[in-house]
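The values are calculated or read from the model by the stated rules, or taken from the named source; none is laboratory data. Bear in mind the structure is a predicted one, so any value in this text is a computation, not a measurement. Please note: Cβ atoms are built from the backbone with ideal geometry, for glycine as well, and neighbour counts cover all protein chains shown.
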Amino acid sequence: MKDRQDIRGATRQSIPHDSAAKQVMGRAEYTDDIAEPAGTLHAYLGVSDVAHARLRSIDLSAVRAAPGVVDVLTAADIPGVNDVSPTGRHDEPVFPTDAIEYHGQPLFAVVAETRDAARRAAELAKVDCEVLPHATDPVSARDAGMPLVTDPLKLERGDVVSGFGAAAHRVTGRMVIGGQDHMYLEGQIAFAVPGEDDDVVVHCSTQHPSEAQHMVAHVLGVPSNAVVVNVRRMGGGFGGKESQMNLFCAVAAVAAKKLGRPVKIRPDRDQDMTATGKRHDFVVDYDVGFDDTGRIAAVEGEFAARCGFSSDLSGPVTDRALFHADNAYFYPNVRLTSRPQKTNTVSNTAFRGFGGPQGVVAAERMIEEIAFALGKDPLEVRRANFYGDGADDRSLTPYHQTVEDNVIGRIVDELEDSADYQARRKAIVEENAKGGVLRRGIALTPVKFGISFTATWYNQAGALIHVYNDGSIHLNHGGTEMGQGLNTKVAQVVAEAFQVDFDRIKITKTTTEKVPNTSATAASSGSDLNGMAALDAAEQIKARLVQFAAESRGVGEDAVRFVPNHVQIGDEVVAFDTLVKEAYMARVHLSAAGFYKTPKIHWDRAAGKGRPFYYYAYGAACSEVVIDTLTGEYRVERTDILHDVGRSLNPALDKGQVEGAFIQGMGWLTTEELWWDDAGRLRTHAPSTYKIPLASDRPRVFNVELADWSENREMTIKRSKAVGEPPFILGIAVLEALSMAVASVADYKVCPRLDTPATPERVLLAVERLRTEGARG
Ligand code: MTE
Ligand code: HPA
Ligand code: MOS
């Protein structure tokens with residue numbers, strides 16, 4: 001009998017992304033490629049030019065009189081509720097009525113015959129307002145007495161007072177961790193087509209079609225069943241389309257229903273960067289006590305985040321920062337608090353890692369503090385603090401979940417060998433000791449990342465499979481495709497379940513009409529959740545086919561097996577299509593809705609206790625850099641990565657995710673700098689001023705491996721692990737390597753305390769500071 005591997009595209013096969021060829025040939029359809037019906041209009045946002053003010057009135061007469069303008073929408077045109085807050089806190093108006101809360105805030109939308117006409121007209125409004133004082137960063141906002149956007153979280157375990165009391169050493173410090181723009185290739189876009197009665201169809205670029213649907217319904221004042229949201233694919237989301245599409249969808253839908261014509265809205269890159277949220281920057285105050293061996297005794301930390309003017313997802317983002325402030329380390333006594341600070345900036349949002357990376361950066365800074373204080377290799381300090389595996393008393397997290405699946409020790413050991421860490425570090429220390437202008441650094445950093453939405457109810461998914469009577473299969477699920485390869489992976493699961501070639505499965509757009517009440521494709525959980533839901537649907541149809549096959553041939557159900565592109569029924573082997581046609585003729589139901597919810601998880605936020613994560617994903621990176629101590633410029637010479645994806649659904653796609661995530665994480669920590677001027681205006685709002693990594697910035701040597709021995713000990717889809725976000729955090733290896741190179745100028749006696757992004761400017765300043773301090777000490 002042929003074995004499973006005979007079908008093309010079973011799980012574990014490295015088949016290419018289903019859209020890869022179409023994408024490189026420009027044939028993959030994005031929202032802006034959908035053929036526009038006659039009469040389509042174009043909208044553009046008019047925005048504020050002050051950071052904080054009381055709004056008196058807006059004179060729109062010049063806007064209305066501009067060529068091509070059909071209408072101007074303000075808050076008064078919203079038939080339902082003027083709010084697009086994703087958590088129902090009602091703190092995010094589509095258009096404000098009395099308060100302007102950040103520079104660049106949308107105040108109205110122009111609708112015109114062409115996008116160019118709308119964009120030009122949007123500049124012509126005269127806004128009358130009383131300017132008020134503003135604060136754009138979390139420290140000055142706190143000093144100014146601005147409120148928090150949502151309740152803070154506190155995680156506490158053990159007794160920090162006695163922990164610090166008993167510790168031989170103690171270091172306190174502050175670290176500023178920068179934000180990040182998503183820089184998706186395809187910007188925000190929404191295209192609304194009005195229908196009869198209350199109906200409207202919105203095509204848009206979103207990770208969260210159900211939320212866009214509910215938000216449009218709410219803003220229009222109609223039930224959700226009147227609104228359909230569709231997305232075939234995104235040109236990148238990275239968290240930036242988990243809630244940020246709401247405004248664009250709302251504006252397009254309101255305009256389309258008001259005017260009875262299709263309306264498209266697509267901001268240009270500058271407006272996309274100023275009017276949509278980004279990764280939260282953090283100011284972390286830490287206090288760590290430890291013994292002579294570098295073992296941590298107590299940790300206290302406060303995590304203040306620049307949330308912007310509204311809550312958006314800042315509550316769960318700042319929560320996740322605390323959930324990762326331990327990284328892979330056991331803190332015997334710990335108290336962590338978040339400070340989701342309101343600021344007069346655009347409202348910050350989800351971004352790959354969702355606050356987790358900021359938490360890990362703080363944990364790694366504390367490790368560095370210990371290492372420099374004790375004169376040890378940071379890797380030794382890391383190892384001394386790793387969690388146990390649940391069987392000991394060093395496995396409890398600050399949120400009282402026991403770490404049971406710990407593989408970080410093995411990952412780090414293997415990478416230390418394969419990257420030849422010890423020998424290279426020794427050589428680098430010797431080379432640096434010669435005192436040259438160029439200094440090298442090397443660092444090996446671990447990652448542990450919790451998988452599941454911390455909002456427990458989000459951990460559910462649905463899928464819909466139709467088998468047509470010619471044997472072709474239509475697959476739909478609640479997840480969205482943003483380049484990560486989710487559709488390919490889920491189709492592989494279904495192909496394997498039916499034992500048919502991957503090509504037999506049609507991957508279709510995500511639509512609220514087929515699978516309702518979906519969660520955002522986020523928290524790296526897309527394939528975990530939707531893969532399981534699709535498998536459930538496939539198993540239902542298979543069970544009916546098995547029953548039919550057994551009855552029709554008079555054999556037991558256990559004599560029916562799905563074999564490559566065929567079904568074996570007793571001694572007979574029939575083609576899959578043939579059996580399907582027979583089943584159809586016998587009136588067998590060939591469609592099924594599947595469902596899945598993650599087991600075992602629960603979380604009590606008020607108590608700060610529970611099991612928020614089903615499992616953890618692990619990884620480690622080793623990076624070597626060289627810096628020029630006269631200019632601060634640097635280069636990444638080599639990076640080795642070993643990452644844990646459990647049993648991979650598709651090793652090629654997973655490796656791609658690891659590589660891309662590492663580079664994106666490296667960019668966040670090195671060159672991507674967001675900068676607001678004194679007027680509260682974001683001045684880095686285009687690729688001219690905001691520097692993402694280029695192809696030429698990739699490590700000169702880049703070795704990426706998956707831990708092929710790893711298997712998820714939980715019953716996830718085919719024992720795989722989520723991959724989307726965790727490897728983003730591997731970029732920290734570059735930051736720590738830079739830190740070592742800088743520290744060499746003061747003989748590794750002073751922790752360089754590099755804030756991020758560690759731009760060449762910051763590296764140079766750190767070198768200068770250490771030279772002065774080192775000479776003094
Ligand atoms: N990969 C690509 N190419 N494009 C993206 O936008 N988003 C990341 C990650 N990988 C993203 C990506 C983020 S933030 C998440 S949460 C996951 O993909 C979401 O998809 P998944 O759950 O299917 O992994
Ligand atoms: N991760 C990512 N996105 C989310 C989460 C989360 O934990 N919760 C709500 N949206
Ligand atoms: Mo990813 S930040 O959870 O969309």
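Residue-level check: of (1) under 19 Å from P446 (Cα atoms); (2) within 16 Å of ligand 1 (Cβ to nearest atom); (3) assigned to a helix (DSSP H, G or I), I641 misses just (3). Taken together, A371, A362, A350, A384 contain a single residue that is under 19 Å from R335 (Cα atoms), touching a residue at least 12 places away in the same chain (Cβ under 8 Å) and of a type in the set (G, A, S), which is A362. For first residues located in the range 314-330 and on the phi > 0 side of the Ramachandran plot and among the aromatic types (F, W, Y), partners that are assigned to a loop (DSSP other than H, G, I, E, B) and crowded, with 24+ Cβ neighbours inside 10 Å and lie 6+ apart or on another chain with Cβ distances below 6 Å do not occur.
Each row is one residue, and each column tells you yes or no for (1) at negative phi; (2) among the hydroxyl-bearing types (S, T, Y); (3) under 16 Å from the mean Cα position of the chain (by Cα); (4) away from ligand 1 (no atom under 16 Å from the Cβ).
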{"residue": "G353", "(1), (2), (3), (4)": "no, no, yes, no"}
{"residue": "V360", "(1), (2), (3), (4)": "yes, no, yes, no"}
{"residue": "E364", "(1), (2), (3), (4)": "yes, no, no, yes"}
{"residue": "A391", "(1), (2), (3), (4)": "yes, no, no, yes"}
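Can you tell me which condition Q401 does not meet? The list is (1) touching a strand residue (DSSP E or B) at 6+ places or on another chain (Cβ under 9 Å); (2) free of Cβ contacts under 8 Å to residues at least 40 places away in the same chain, and all the others hold. Among (1) touching a strand residue (DSSP E or B) at 6+ places or on another chain (Cβ under 9 Å); (2) free of Cβ contacts under 8 Å to residues at least 40 places away in the same chain, Q401 violates only (2). Put simply, of E36, E29 the only residue that is in contact with a strand residue (DSSP E or B) (Cβ under 8 Å, 6 or more places away or on another chain), over 30 Å from S314 (Cβ atoms), of a type in the set (D, E) and touching a residue at least 60 places away in the same chain (Cβ under 8 Å) is E36.
Within the range 727-766, the set of residues being assigned to a helix (DSSP H, G or I), aliphatic (A, V, I, L, M) and surrounded by fewer than 24 Cβ atoms within 10 Å (Cβ to Cβ) comprises V745, A746, L764, L765.
Checked against (1) more than 30 Å from L486 (Cα to Cα); (2) modelled with pLDDT under 95, D91 passes all but condition (2). Only residues that are in contact (Cβ under 8 Å) with a residue 12 or more places away in the chain and closer than 24 Å to L706 by Cβ were counted in the range 411-427, giving 9.
Would you confirm whether any residue within the range 533-549 is under 21 Å from the mean Cα position of the chain (by Cα), more than 16 Å from ligand 3 (Cβ to nearest atom), farther than 30 Å from D571 by Cα and modelled with pLDDT of 95 or more? Among the residues of the range 533-549, not one is under 21 Å from the mean Cα position of the chain (by Cα), more than 16 Å from ligand 3 (Cβ to nearest atom), farther than 30 Å from D571 by Cα and modelled with pLDDT of 95 or more, which makes the answer no. Every condition in (1) free of Cβ contacts under 8 Å to residues at least 60 places away in the same chain; (2) small (G, A, S); (3) farther than 24 Å from T274 by Cβ holds for A166 except the one numbered (1). For the range 18-33, filtering for residues that are buried (at least 16 other Cβ atoms within 10 Å of the Cβ) and not in a helix (DSSP H, G or I) leaves 4. Selection over the range 482-540 of residues that are at positive phi, surrounded by fewer than 24 Cβ atoms within 10 Å (Cβ to Cβ) and not polar (S, T, N, Q) gives a count of 1. Filtering G526, G462, G483 for residues that are within 16 Å of ligand 3 (Cβ to nearest atom), over 21 Å from V546 (Cα atoms) and touching a helix residue (DSSP H, G or I) at 6+ places or on another chain (Cβ under 7 Å) leaves a single hit, G526. So which residues in the range 313-345 are more than 10 Å from ligand 2 (Cβ to nearest atom), farther than 30 Å from D377 by Cβ and either crowded, with 24+ Cβ neighbours inside 10 Å or of a type in the set (D, E) (or both)? Across the range 313-345, the qualifying residues are S314, T318, S338, P340, Q341, K342, T343, N344, T345.
Residue-by-condition table, conditions (1) closer than 26 Å to P357 by Cα; (2) crowded, with 22+ Cβ neighbours inside 10 Å:
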{"position": "L220", "(1), (2)": "no, yes"}
{"position": "M234", "(1), (2)": "yes, yes"}
{"position": "E242", "(1), (2)": "yes, yes"}
{"position": "A253", "(1), (2)": "no, yes"}
{"position": "V263", "(1), (2)": "no, yes"}
{"position": "T276", "(1), (2)": "yes, yes"}
{"position": "D285", "(1), (2)": "yes, no"}
{"position": "I296", "(1), (2)": "yes, yes"}
{"position": "V299", "(1), (2)": "yes, yes"}
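With the requirement that a residue be within 12 Å of ligand 1 (Cβ to nearest atom), in a helix (DSSP H, G or I) and in contact with a Lys or Arg (Cβ under 8 Å, 6 or more places away or on another chain), what does the range 644-664 give you? Hits for the range 644-664 are L653, A661, I663, Q664.
Selection over the range 613-647 of residues that are touching a Ser or Thr at 6+ places or on another chain (Cβ under 6 Å) and either within 16 Å of ligand 3 (Cβ to nearest atom) or over 18 Å from G731 (Cβ atoms) (or both) gives a count of 4. Among the candidates R339, R425, R320, the residue that is of a type outside the set (V, I, T) and more than 26 Å from the chain's Cα centre (by Cα) is uniquely R425. So which pairs qualify, if the first residue must be in the range 518-541 and over 18 Å from Q213 (Cβ atoms) and hydroxyl-bearing (S, T, Y), the second must be more than 13 Å from ligand 2 (Cβ to nearest atom) and outside any loop (DSSP other than H, G, I, E, B), the Cβ gap must be under 9 Å, and the two must be at least 6 apart or on different chains? Final answer for the pair search is S524/A617; S525/A461; S527/L486; S527/K489; S527/V490; S527/V493; S527/I717; S527/S720. A single member of L674, L730 is over 30 Å from G435 (Cβ atoms), within 16 Å of ligand 1 (Cβ to nearest atom) and hydrophobic (A, V, I, L, M, F, W, C), and it is L730.
Step by step: first the residues of the range 222-236, then only those that are away from ligand 1 (no atom under 14 Å from the Cβ) and part of a loop (DSSP other than H, G, I, E, B), then the one that is nearest to V515 (Cα to Cα). Which residue is that? Ranking the qualifying residues of the range 222-236, first place goes to R232. Checked across the range 720-733, the condition of being over 24 Å from E416 (Cβ atoms) and touching a strand residue (DSSP E or B) at 6+ places or on another chain (Cβ under 6 Å) holds for at least one residue.
Return the only residue of N348, N333 being in contact with a helix residue (DSSP H, G or I) (Cβ under 9 Å, 6 or more places away or on another chain), among the polar types (S, T, N, Q) and farther than 29 Å from L682 by Cβ.
One residue alone meets the criteria, N333.
Taking the criterion of being of a type in the set (A, V, I, L, M) and in a strand (DSSP E or B), the residues of the range 596-638 that qualify are A617, A620, A621, V625, V626, I627, V636. For beta carbons closer than 6 Å, sequence separation of 6+ or different chains, a first residue in the range 442-462 that is over 27 Å from R410 (Cα atoms) and a second that is more than 16 Å from ligand 2 (Cβ to nearest atom) and in a strand (DSSP E or B), the qualifying pairs are A461/Y596; G462/F595. The set of residues in the range 711-729 that are more than 16 Å from ligand 3 (Cβ to nearest atom) and hydrophobic (A, V, I, L, M, F, W, C) comprises M715, I717.
For the residues N517, N530, the requirement of being within 16 Å of ligand 2 (Cβ to nearest atom), closer than 30 Å to K721 by Cβ and part of a helix (DSSP H, G or I) singles out N530.
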